[in-house]
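Below is one structure, written out as structure tokens; the observations come after it.
The values are calculated or read from the model by the stated rules, or taken from the named source; none is laboratory data. If you're wondering where the values come from, they're calculated on a predicted model, not measured in any experiment. Glycine gets a Cβ as well: all are built from the backbone with ideal geometry, and neighbour counts include every protein chain shown.
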Ligand SMILES: [Zn+2]
């Protein structure tokens with residue numbers, strides 16, 4: 001051991017001294033040396049050992065952590081319920097309030113039952129909702145996504161009629177509507193990018209016509225933001241913003257969502273269009289491209305394990321950045337807290353505040369109502 005570097009910092013003293021003896025030795029021999037060392041360094045300027053049992057210190061970081069009022073005053077991260085978006089699943093049919101097995105506390109609603117949830121959200125201060133549709137019938141080309149009487153088109157019409165104060169964002173993708181569960185139309189076993197973009201644009205226009213305030217393409221096809229901007233503008237929807245799922249990773253965190261929306265691919269995976277989680281520079285490239293194509297807001301998805309990417313994207317773009325805390329993040333916190341391993345409230349607060357600290361301006365989360373409450377109570381934000 002003495003031949004290694006470890007020996008320099010750790011050496012057996014040959015005896016078997018107990019704690020008290022070692023502490024006494026340290027006080028007599030080591031402490032005076034430590035004091036001298038400290039005085040020679042810059043630290044000595046703000047902190048000096050005064051020879052008694054106290055240090056003379058000008059700068060004490062703990063001073064600003066002394067009480068709840070003070071801690072709240074000096075928070076670096078501020079949050080507001082107006083930046084929260086709640087994802088909601090609307091299923092074809094009536095009288096449906098179905099709990100999603102892998103997401104306890106989250107439900108699929110039909111158009112006639114979604115009102116109770118929307119009211120609850122509005123009352124809590126969450127006025128923006130992201131709609132996901134679950135159609136009765138799926139086909140090869142996902143025609144339920146752009147059908148005039150599609151599930152989302154019906155939900156939008158009713159939601160905007162009953163709750164004009166609601167801000168309705170629609171997810172734009174094909175995976176919930178295709179029989180094979182992929183995010184576009186197929187060419188052999190791969191998704192045909194350019195044909196899919198055409199249908200996505202058609203879907204986005206159809207949502208805008210049905211009353212969507214904002215559209216949010218999540219498919220990860222190349223060029224879709226540009227195509228959607230073109231078709232919206234050509235039809236008079238120049239003021240409808242596009243929130244692009246620009247930096248969306250092929251992630252295991254989506255598993256409970258696929259259960260919720262019935263959108264698991266019947267073969268293969270989504271790695272040819274969603275991003276490889278080893279990459280972050282590529283995320284910046286995707287974000288910049290989408291801004292160039294006309295995206296008004298850039299999203300990073302998932303959130304929890306991708307905050308480095310979020311911070312990097314935030315530095316690179318000059319549009320608002322959203323983070324989507326996905327189903328698997330919700331499910332993990334839910335399951336661990338139900339097992340008694342963690343405290344749910346604390347985990348919700350911490351994960352949300354950390355996403356904002358990393359730079360998100362908008363936060364999509366199944367915990368939107370809870371977070372709005374915690375902000376109101378001053379626990380976070
Ligand atoms: Zn999809």
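Of the residues 268, 236, the single one that is on the phi > 0 side of the Ramachandran plot, away from the ligand (no atom under 16 Å from the Cβ) and either part of a loop (DSSP other than H, G, I, E, B) or not assigned by TED's automatic domain parsing to the domain that holds residue 166 (or both) is 236. Does any residue of region 370-377 turn out to be at pLDDT 95 or above, within 30 Å of residue 227 (Cα to Cα), in the same structural domain as residue 216 (by TED's automatic domain parsing) and touching a helix residue (DSSP H, G or I) at 6+ places or on another chain (Cβ under 7 Å)? No - not one qualifying residue is present in region 370-377. If you check 295, 311, 287, 305 for being in a loop (DSSP other than H, G, I, E, B) and more than 15 Å from the ligand (Cβ to nearest atom), only one passes: 295. Checking each residue in region 259-284 for being surrounded by fewer than 10 Cβ atoms within 10 Å (Cβ to Cβ) and farther than 30 Å from residue 316 by Cα picks out 266, 267.
Considering each residue of region 250-257 in turn, at least one proves to be surrounded by fewer than 15 Cβ atoms within 10 Å (Cβ to Cβ), under 20 Å from residue 307 (Cβ atoms) and away from the ligand (no atom under 13 Å from the Cβ). Among the conditions (1) in contact with a helix residue (DSSP H, G or I) (Cβ under 7 Å, 6 or more places away or on another chain); (2) more than 16 Å from the ligand (Cβ to nearest atom); (3) not in a loop (DSSP other than H, G, I, E, B), residue 133 misses just one, which is (2).
Restricting to region 150-180, name every residue that is touching a helix residue (DSSP H, G or I) at 6+ places or on another chain (Cβ under 9 Å), in a loop (DSSP other than H, G, I, E, B) and away from the ligand (no atom under 13 Å from the Cβ). Spell out how you get there, then give the answer.
Initial filter on region 150-180 (touching a helix residue (DSSP H, G or I) at 6+ places or on another chain (Cβ under 9 Å)): 150-160, 162-163, 165-166, 168, 170-178.
From what is left, the residues that are in a loop (DSSP other than H, G, I, E, B) are 150, 163, 165-166, 173-177.
Across region 150-180, the qualifying residues are 150, 163, 165, 166.
Being in contact with a helix residue (DSSP H, G or I) (Cβ under 8 Å, 6 or more places away or on another chain) and either on the phi > 0 side of the Ramachandran plot or within 15 Å of the ligand (Cβ to nearest atom) (or both) is the requirement here; does residue 183 meet it?
Numbers: in contact with a helix residue (DSSP H, G or I) (Cβ under 8 Å, 6 or more places away or on another chain): yes; either on the phi > 0 side of the Ramachandran plot or within 15 Å of the ligand (Cβ to nearest atom) (or both): yes.
Yes: the conditions hold for residue 183.
Look through region 187-221, keep the residues that are in a loop (DSSP other than H, G, I, E, B), away from the ligand (no atom under 15 Å from the Cβ) and in contact with a helix residue (DSSP H, G or I) (Cβ under 7 Å, 6 or more places away or on another chain), and return whichever of them is farthest from residue 176 (Cα to Cα). The residue in question is 211. Filtering region 222-233 down to residues that are in contact with a strand residue (DSSP E or B) (Cβ under 7 Å, 6 or more places away or on another chain) and within 16 Å of the ligand (Cβ to nearest atom), which residue is nearest to residue 274 (Cα to Cα)? Step by step, filter region 222-233, then rank; the result is 224.
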